[in-house]
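See structure below.
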Amino acid sequence: MSLSFTDYLAQVKGQIREISVQELREGQSDPALTIIDVREPEEHENGVIEGSELCPRGYLELRVENIQPERDKPIAILCQGGTRSALAAHSIMNLGYTDVTSVRGGMGAWSRAGYPIEQRRRLSKEDLARYSRQIILPQLGEAGQQKLLDAKVLLVGAGGLGSPTALYLAAGGVGTLGIIDNDIVDTSNLQRQVLHTEELEGTPKVESAVATLKRINSSINIKTYNERLSSANVMEIFKGYDVVVDGTDNFPTRYLINDACVMLDIPNVHGSIYHFDGQATIFNHAEGPCYRCLYPEPPPPELAPSCAEAGVLGAICGVVGTIQAVETVKLLTGIGDTLEGRLVSFDALDMSFRELKVRRDPNCLVCSPDPEITELIDYEQFCAVTF
Amino acid sequence: MAVNIKIPASLRKFVGGKDTVAVEGENVREALDGLETAHPGIKAKLCDDNGNVRRFINIYANAEDIRFLENLDTSLAEGAEVQIVPAIAGGR
């Protein structure tokens, strides 16, 4: 015997649980609840519910395991009027989900109740295609890609570390990349500074960087600063960036970056290399430590040779610079456990990665509750460097 | 206690190029003294004239910074790893 649709719907509704929009509103702040909006993309143009996952009905069974892999976690399904969501809830219960509800009245009832609606921009077709391999990652998704496109990241140094970081952040669609470097491309850079090419030897590194990055991704904004970072310009330059990536090569600039990031409350993604060793961590993020908590003082200049004096294996820069790129993406999108409070200590010779705890120093001169240093200082003098 | 001290690249020239040196010591101080006995001259790179660890060098015992433990008196178990972690600045 065949059923009419009305009978079928009544039968389905008898087998699922419905909640009101009031109940959904109350549950919205519960991080354990996954809200899946099963409407079609064009229906999202009038707005969506904050925190909801957008997955058209036709893709639901294919994607639900990526959206919520755990079968016993609560899921609320939403459509425009409450019919498609009922059918969708029934369908994923057949997949073994045990705590599924359908929102009665759907988005229409939500709007009529006057609850907040978020306008979510849709990625362009070009962006969806370009970034598809990372958008498909359930932790990132379209929302994570949008965060990257909206983000502003400043790279200090377009050298060994800055090169791989810039390549991956540009390719991955960080919407605005700032690059500060006052050096020019030299033959001896090409062994490790993979942003730069033979053709552009002798040109400023920031120009060479733009030329390379635009060939990889012409859709992002790149801002360049062909100057040396100093106490005089750092605040003006850093202001407005979401993340600063430290890929510089000297202690005065590292302390300058740290202090400015603490004063402006910007996370500082740190990487440093020497010979076959590398270090990476995140400073000044989520109540974590700053650079001075880890290293209260710089070594004297005779114990702090640069790469030019000490040498560095080119590929080491790739290892550490890409760790910085990964951590930057995690910071911007809020996924995973970022490196604050942990120092990755990398030794290429025995290929070991050690994880060391970095604690906030309660007596830190710059990030303690009652800091001694509240303004930028003379960093060359602090590091006893003579230029 | 037999413990291993992990030497960073920047200090390997003081220990004959080794990346790890095995020494005896009940605590970090004794381990560093053992390192100095085996490779005279290295302790001055790590500690100042008063015997305190220099502020641009961190010493870790089993992945914890000894500044937040008992400093040089931090005791070590058999097979413990002591890692010397200096500030390094390279990036370009």
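The values are calculated or read from the model by the stated rules, or taken from the named source; none is laboratory data. Remember, predicted model here, so these are calculated numbers, not experimental data. Virtual Cβ from ideal backbone geometry, glycine too; neighbours counted across all protein chains shown. Areas reflect the complete protein model, heavy atoms only, side chains present, ligands, DNA and RNA absent. Shrake-Rupley method; radii C 1.70, N 1.55, O 1.52, S 1.80 Å.
Structural remarks
- Any chance A:Asn226 is crowded, with 17+ Cβ neighbours inside 10 Å and assigned by TED's automatic domain parsing to the domain that holds A:Ala260: no
- B:Ser75 vs. criteria open to solvent by 10 Å² or more (accessible area, probe 1.4 Å), in contact with a strand residue (DSSP E or B) (Cβ under 6 Å, 6 or more places away or on another chain), modelled with pLDDT under 95 and of a type in the set (Ser, Thr, Tyr): no
- Qualifying residue in the range A:81-98 (condition: within 20 Å of the chain's Cα centre (by Cα) and assigned by TED's automatic domain parsing to the domain that holds A:Ile19): no
- Taken over the range A:243-298, the residue count meeting the criterion of being facing another protein chain (nearest Cβ under 7 Å), in a strand (DSSP E or B) and of a type outside the set (D, E, K, R) is 6.
- Listed conditions (1) at the interface with chain A (Cβ under 8 Å from one of its Cβ atoms); (2) in contact with a Pro (Cβ under 8 Å, 6 or more places away or on another chain); (3) open to solvent by less than 20 Å² (accessible area, probe 1.4 Å) are all met by B:Ile84, apart from (1).
- Residue selected from the range A:335-360 under the condition part of a loop (DSSP other than H, G, I, E, B) and hydrophobic (A, V, I, L, M, F, W, C), by the criterion nearest to A:Cys293 (Cα to Cα): A:Val358
- Sole residue being on the phi < 0 side of the Ramachandran plot and open to solvent by 50 Å² or more (accessible area, probe 1.4 Å), chosen from B:Ala89, B:Ala44, B:Ala31: B:Ala44
- In the range A:301-316, the residues that are more than 8 Å from every other protein chain (Cβ to nearest Cβ) and at pLDDT below 85: A:Pro301, A:Glu302, A:Pro305, A:Ala308, A:Glu309, A:Gly311
- Scanning the range A:313-322 for residues being surrounded by fewer than 24 Cβ atoms within 10 Å (Cβ to Cβ) and within 20 Å of A:Leu177 (Cβ to Cβ) gives a total of 2.
- Given (1) within 9 Å of chain B (Cβ to nearest Cβ); (2) in contact with a strand residue (DSSP E or B) (Cβ under 8 Å, 6 or more places away or on another chain); (3) open to solvent by less than 40 Å² (accessible area, probe 1.4 Å), index of the condition A:Glu355 fails: (3)
- Restricting attention to the range A:125-177, the residues that are part of a loop (DSSP other than H, G, I, E, B) and closer than 30 Å to A:Leu54 by Cβ add up to 11.
- The single condition among (1) assigned by TED's automatic domain parsing to the domain that holds A:Leu87; (2) in contact with a Leu (Cβ under 7 Å, 6 or more places away or on another chain) that A:Gln134 does not meet is (1).
- Considered as a group, the residues in the range B:33-61 that are out of contact with any Cys (no Cβ under 7 Å at 6 or more places or on another chain) and of a type in the set (A, V, I, L, M) include one that is nearest to the other protein chains (Cβ to nearest Cβ), and that residue is B:Ile57.
- A single member of A:Ala171, A:Ala151 is closer than 11 Å to A:Leu213 by Cα, of a type in the set (A, V, I, L, M) and more than 14 Å from every other protein chain (Cβ to nearest Cβ), and it is A:Ala171.
- Flag if A:Val262 is within 25 Å of A:Glu287 (Cα to Cα) and open to solvent by 20 Å² or more (accessible area, probe 1.4 Å): yes
- Residue in the range A:101-124 that is under 30 Å from A:Gly173 (Cα atoms) and either in a helix (DSSP H, G or I) or in contact with a Ser or Thr (Cβ under 8 Å, 6 or more places away or on another chain) (or both) present: yes
- B:Ser10 of a type in the set (Ser, Thr, Tyr) and facing chain A (nearest Cβ under 10 Å): yes
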